[in-house]
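A.B. asks: Just dropping this structure here.
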Amino acid sequence: MKIGVIYGSTRYNGNTERLTEEVIKDLPEVTKIDLKKYQFNDISDQRHERNGFSPVEDAYNQIIDQIIDCEVLIFATPIYWFGMSSLMKRFIDRWSQTVRDENYPMFKKQMRRKQAYIIAVGGDNPLVKGMPLVQQFAYICDFIGSTYKGYLIGEGNKPLDILKDETALKEAHKLGRLLKREEKIRNNRK
């Protein structure tokens, strides 16, 4: 079972990344995509234009090429203003283009075969203030057809704060074991 992790933080080794690493540390096949390492642009909404979206020369398609074969996607983002980071939002906004891109004619069909999890970290009561983000991802998964499997929210504001959130760390290990078990089941079926 191939797992793709999409990191949406602008901070290196931030709390969200650290919590996500706890989930995937014992999983053998993980593709890590750190959005801040790619230059990809915003696009103009051309969904209703006669010729569709204009091609954009940037690294966005490199990211899509990496997630296409993944069976599980983990979206890891800090909670910024009750939602996802701007990097993550820009990446998902670009899906509007990919759904109509002749280079990816099966994108939506391929996304329907994927399971999706959200891992988010925020300060100041993130289990409440992160709910708009969780709901937004549920709607995104519903629209694109991916199976929304759940979320993990941790609390941390300053660097390394997530290491104090024992509940989130336990849940991270639990999710990692679940993914490992699912991978084993899939491998036994092959």
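The values are calculated or read from the model by the stated rules, or taken from the named source; none is laboratory data. If you're wondering where the values come from, they're calculated on a predicted model, not measured in any experiment. Cβ atoms come from the backbone with ideal geometry, glycine included; neighbour counts cover every protein chain shown. Heavy atoms of the whole protein, side chains included, go into the accessibility calculation; ligands, DNA and RNA do not. Shrake-Rupley method; radii C 1.70, N 1.55, O 1.52, S 1.80 Å.
A.B. asks: Can you say whether S54 is among the polar types (S, T, N, Q), outside any helix (DSSP H, G or I) and within 24 Å of L127 (Cα to Cα), as far as the supplied structure shows? Outline the logic, then answer.
C.D. replies: Details: among the polar types (S, T, N, Q): yes; outside any helix (DSSP H, G or I): yes; within 24 Å of L127 (Cα to Cα): no.
No; evaluated as a whole, the condition is false for this residue.
A.B. asks: If a residue must be of a type outside the set (F, W, Y), closer than 15 Å to W95 by Cβ and within 15 Å of the chain's Cα centre (by Cα), how many such residues does the stretch 58-69 contain?
C.D. replies: The total comes to 6.
A.B. asks: How many of the residues making up the stretch 47-64 are open to solvent by 30 Å² or more (accessible area, probe 1.4 Å), closer than 23 Å to G145 by Cα and in contact (Cβ under 8 Å) with a residue 12 or more places away in the chain? Show your work before the answer.
C.D. replies: From the stretch 47-64, those open to solvent by 30 Å² or more (accessible area, probe 1.4 Å) are 47-51, 53-58, 61-62; that's our starting set.
With the extra rule that they be closer than 23 Å to G145 by Cα, the set shrinks to 47-48, 53, 61-62.
Filter once more, keeping what is in contact (Cβ under 8 Å) with a residue 12 or more places away in the chain: 47, 53, 61-62.
Count: 4.
A.B. asks: I need a count of the residues in the stretch 143-180 that are among the aromatic types (F, W, Y) and more than 19 Å from the chain's Cα centre (by Cα).
C.D. replies: The total comes to 0.
A.B. asks: Which one is nearest to G14 (Cα to Cα) among residues in the stretch 145-161 that are of a type in the set (A, V, I, L, M) and modelled with pLDDT of 95 or more?
C.D. replies: I153
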